[in-house]
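*Asks:* A single structure is presented below for examination.
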Amino acid sequence: MDNHSPALFLGDALALDFLNSVATPVDMPVEWIDDGEGLLRWLDQAKLVPREALESMRIQALPGELDKVADQARNLREWFRAFVREHKGKQLKPDTLAELEPLNRLLERDEGFSRVVARQADEGAVFEFQPMRKWRSPEALLLPVGEALGRFVCSEDFSNVKACEGPSCTLLFADHTRGHRRRWCSMALCGNRAKQAAHRHRVRQA
Ligand SMILES: [Zn+2]
């Protein structure tokens, strides 16, 4: 598996999938946002930026410009990882707002607007109010990521934010299962490994 493989979307929250864009799914660490192209691929898979906008960024960006934005994306990611790691497992307190200042500074740069478009579905209203964004510079690619992080801290119960229990796994997820007993990033990656280890342990003991 390398960073041209599909990225992982196991977090049940886009903000956590962003954190999971660097991971060690098998043995080797994979960095999906290693450069500008990696960032474009991840944003496309996350459906955070329309494909046409990604394409025009790719064509219009100056050499190295997208790589610089990828650096910023990784910095944003690691800053947010520290925040999530510190606060996961319990509800957020109002006084953590001060820690979110870097996120609010990013969100301030947003150039969002809305427009009236024809509705896709046949039923109900003829038009819908669609949020849009001006993609003036490559740095604008960080804005939908910032929005996902902002929505996450406003809507997610951090009591449900967990780290996978896999011994060498770094993946984070929001446990939205009914009994809140989710332990693994996925059965395929860590759950089965744990099951096999428990099985070997039982066999040895028998
Ligand atoms: Zn895991």
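The values are calculated or read from the model by the stated rules, or taken from the named source; none is laboratory data. Computed from a prediction, not measured in an experiment: that's the story for all the values here. When we count neighbours, we look across all protein chains shown, and the Cβ atoms used for this are built from the backbone with ideal geometry, even at glycine. Ligands, DNA and RNA are stripped out before the accessible areas are found, and what is left, the full protein with its side chains, is counted by its heavy atoms. Shrake-Rupley method; radii C 1.70, N 1.55, O 1.52, S 1.80 Å.
*Asks:* Scan Ala125, Ala118, Ala194 and give me the residue that is within 16 Å of the ligand (Cβ to nearest atom) and open to solvent by 20 Å² or more (accessible area, probe 1.4 Å).
*Replies:* Details: Ala125 fails: within 16 Å of the ligand (Cβ to nearest atom); Ala118 fails: within 16 Å of the ligand (Cβ to nearest atom).
The match here is Ala194.
*Asks:* Can you list the helices (runs of 4 or more DSSP H) found entirely within the range 1-61 that contain at least 1 residues being surrounded by fewer than 16 Cβ atoms within 10 Å (Cβ to Cβ) and at pLDDT 95 or above? Spell out the reasoning first.
*Replies:* Numbers: elements: 14-19, 36-45, 51-60.
The helices (runs of 4 or more DSSP H) meeting that bar are 36-45, 51-60.
*Asks:* Something else: Looking at Ala121, Ala174, Ala188, Ala140, which one is closer than 19 Å to Glu52 by Cβ and of a type in the set (Gly, Ala, Ser)?
*Replies:* Details: Ala121 fails: closer than 19 Å to Glu52 by Cβ; Ala174 fails: closer than 19 Å to Glu52 by Cβ; Ala188 fails: closer than 19 Å to Glu52 by Cβ.
Going through Ala121, Ala174, Ala188, Ala140 in turn, the sole match is Ala140.
*Asks:* Enumerate the pairs (first residue in the range 53-64 and within 13 Å of Arg136 (Cα to Cα); second residue anywhere and loosely packed, with under 13 Cβ neighbours inside 10 Å and among the hydrophobic types (A, V, I, L, M, F, W, C)) with beta-carbon separation below 8 Å, excluding pairs fewer than 6 apart on the same chain, so at least 6 apart or on different chains.
*Replies:* none
*Asks:* Residues Val69, Val84, Val30, Val22: which one is hydrophobic (A, V, I, L, M, F, W, C) and closer than 14 Å to Val145 by Cα? Working first, answer last.
*Replies:* On the way: Val84 fails: closer than 14 Å to Val145 by Cα; Val30 fails: closer than 14 Å to Val145 by Cα; Val22 fails: closer than 14 Å to Val145 by Cα.
Matching residue, one of Val69, Val84, Val30, Val22: Val69.
*Asks:* Please tell me if Ser159 is open to solvent by 40 Å² or more (accessible area, probe 1.4 Å), free of Cβ contacts under 8 Å to residues at least 60 places away in the same chain and more than 16 Å from the ligand (Cβ to nearest atom). Step through it out loud before you land on a result.
*Replies:* On the way: open to solvent by 40 Å² or more (accessible area, probe 1.4 Å): yes; free of Cβ contacts under 8 Å to residues at least 60 places away in the same chain: no; more than 16 Å from the ligand (Cβ to nearest atom): yes.
Here the answer is no, as Ser159 does not meet what is asked.
*Asks:* Just checking, how many residues over the range 173-191 are open to solvent by 60 Å² or more (accessible area, probe 1.4 Å) and among the charged types (D, E, K, R)?
*Replies:* 3
*Asks:* Now, a different point. Between a first residue in the range 181-206 that is under 13 Å from Glu165 (Cβ atoms) and a second residue that is assigned to a helix (DSSP H, G or I) and within 13 Å of the ligand (Cβ to nearest atom), which pairs have beta carbons less than 6 Å apart while being 6 or more apart in sequence or on different chains?
*Replies:* Trp184/Cys190; Trp184/Gly191
*Asks:* A further question follows. Please specify each residue of the range 167-191 satisfying the condition of being touching a Phe, Trp or Tyr at 6+ places or on another chain (Cβ under 8 Å) and more than 9 Å from the ligand (Cβ to nearest atom).
*Replies:* Within the range 167-191, just Arg182 meets the criteria.
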